[in-house]
Amino acid sequence: MTRRSLVMNLHRLGNRAVSLLYGNPLRPFRTSVYNALSQPKSVFKPERVAVVTKTTRYEFEQQRYRYAGLSEEDLKQLLAMKGSSYSGLLERHNIHTNNVEHIVKSLREGIWVQVMKRGEYDEEVVRWADAIISAGGDGTMLLVASKVLSKDKPVVGVNTDPERSEGHLCLPVRYTCAFPEALEKLCRGEFRWLWRQRIRLYLEGTGINPTPVDLHEQQLSLEQHSQAHRIPHESFSKPSLLPIRSLNEIFIGESLSSRASYYEISVDDGPWEKQKSSGLSICTGTGSKAWSYNINKLAEQAVEEVLKIGKSQTGLDISLNRDFIEKVTDEYNESLVFSPDDSRLFYSIREPIVNRVFSSSQQRGFASKVCVRSRCWDACMVVDGGTSFEFNDGAIATIIMSEEDQLRTVLLEN
């Protein structure tokens, strides 16, 4: 009997089905029972919860060298040769593990819990769970969200290593060590639902490989990444919806970053435009704080140089002091961020090549629909930095948003 089957059988047994951390035999965690009669109608009270945990750097290095038959002492020496601290990695691993244990033990009586590594997380787990807790950082949250296709399934992120992980998509960091308090607030309805818009993808054309490559766990080299995509190709005469949703962004470009990406783009059913660039990004409001922000943001040095040119060209009496330059820079950069529930896409052309053959009428902008026809040799379409689809000459991607793809997350005040 597989571990998955065991979990399902235990689920049918009732309250005894609560899993221990990392797939150990299951046992219940006893906590006090909250009086359901006193709860408001809009509450967070799932019966089955999946807790998906990240792979720490320590675990990754262990797995990496275990295949070579190396001992723990060999691992210490190899890490030292690379300038990495074995004790430091182990310390961060233990912090993460302790916080995951804290989350699991904090879950209320009557909730069945299944705990798994991100590599074990799949569609079957999503169907089983009433709610999913991402225990890691933003990367784990993105992976968890990508497989949740229903807008009715809540996803809650908990940052299990706040000192080393930003955790924009997670609960406020104080709830990492105070998770029982967060649960109490959720059960009492002291929170707001945040419906984060997501991107859906359609593929059509020739030379299509609809089989994704998972980049999270594999840490593939360029050669390995290319080989992973080399399976028989298909052709679709009609757009085919991919079984994945993007919470942050879609990136399209050549796998080799030094090679220019060649494609055609149409925005909101407008005319097709041939472009060469370093690739293009299409993001959501959630993703506007991430890669898209760093693609488009301006540094104070650039703003100061532009203002100096403007001052000399116009003769305006502008005091270019540090406070003024900082204020202009901040205001511009803040304008790049928009709300997670905004139903618009934001596209960005990275380093467009403009000459008599190729153009870029608009380097960035909002849109409801973006279509891209690949003219690339060895390109990929990457969803949230973790899932890659081959996207070479003849493939066409249609990128839109749909209300039914919204992700249900929670906003909990600090």
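Computing the accessible area with a 1.4 Å probe over protein heavy atoms, can you report the carbon and sulfur percentage for region 297-336? All intermediate terms of the calculation are to be shown ahead of the outcome.
On the way: 1570 of 2980 Å².
The C+S portion of the solvent-accessible surface of region 297-336 is 53 percent.
Solvent-accessible area per residue for region 260-414 at a 1.4 Å probe radius, Å²?
Working: 7760 Å² over 155 residues.
That works out to 50 Å² for each residue.
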If packing is taken as the average count of other Cβ atoms within 10 Å, what order do 349-362, 392-405 fall into, highest mean first? 392-405, 349-362
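Ignoring ligands, DNA and RNA, what accessible area per residue does region 48-190 give at 1.4 Å, in Å²?
42 Å²
Within 10 Å, count the other beta carbons around each residue, average over each peptide in 288-297, 304-313, and list them highest first.
On the way: 288-297: 18.5, 304-313: 12.2.
The peptides rank, most packed first, as 288-297, 304-313.
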Candidates per chymotrypsin sites (Phe, Trp or Tyr not before Pro) in region 104-188, loop by DSSP, up to 16 other Cβ within 10 Å: none
If N is the number of residues in region 48-190, what value comes out of its Cα radius of gyration divided by 2.2 N^0.38 Å? 1.14
Relative contact order for region 343-382: what percent, with Cα pairs under 8 Å and sequence separation of 6 or more? 42 percent
As straight-line cross-link partners of Lys153, the qualifying lysines (C-alpha separation under 27 Å, not fewer than 8 residues apart within one chain) are Lys41, Lys45, Lys54, Lys105, Lys117, Lys185, Lys289, Lys369
Roughly speaking, to the nearest percent, how much of region 48-190's 1.4 Å accessible area is carbon and sulfur? 48 percent
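The values are calculated or read from the model by the stated rules, or taken from the named source; none is laboratory data. Quantities reported herein were computed from a predicted structural model and do not represent experimental measurements. Cβ: placed from backbone, ideal geometry, glycine included. Neighbour counts: every protein chain shown. Accessible surface areas use protein heavy atoms only, side chains included; no ligands, DNA or RNA. Shrake-Rupley method; radii C 1.70, N 1.55, O 1.52, S 1.80 Å.
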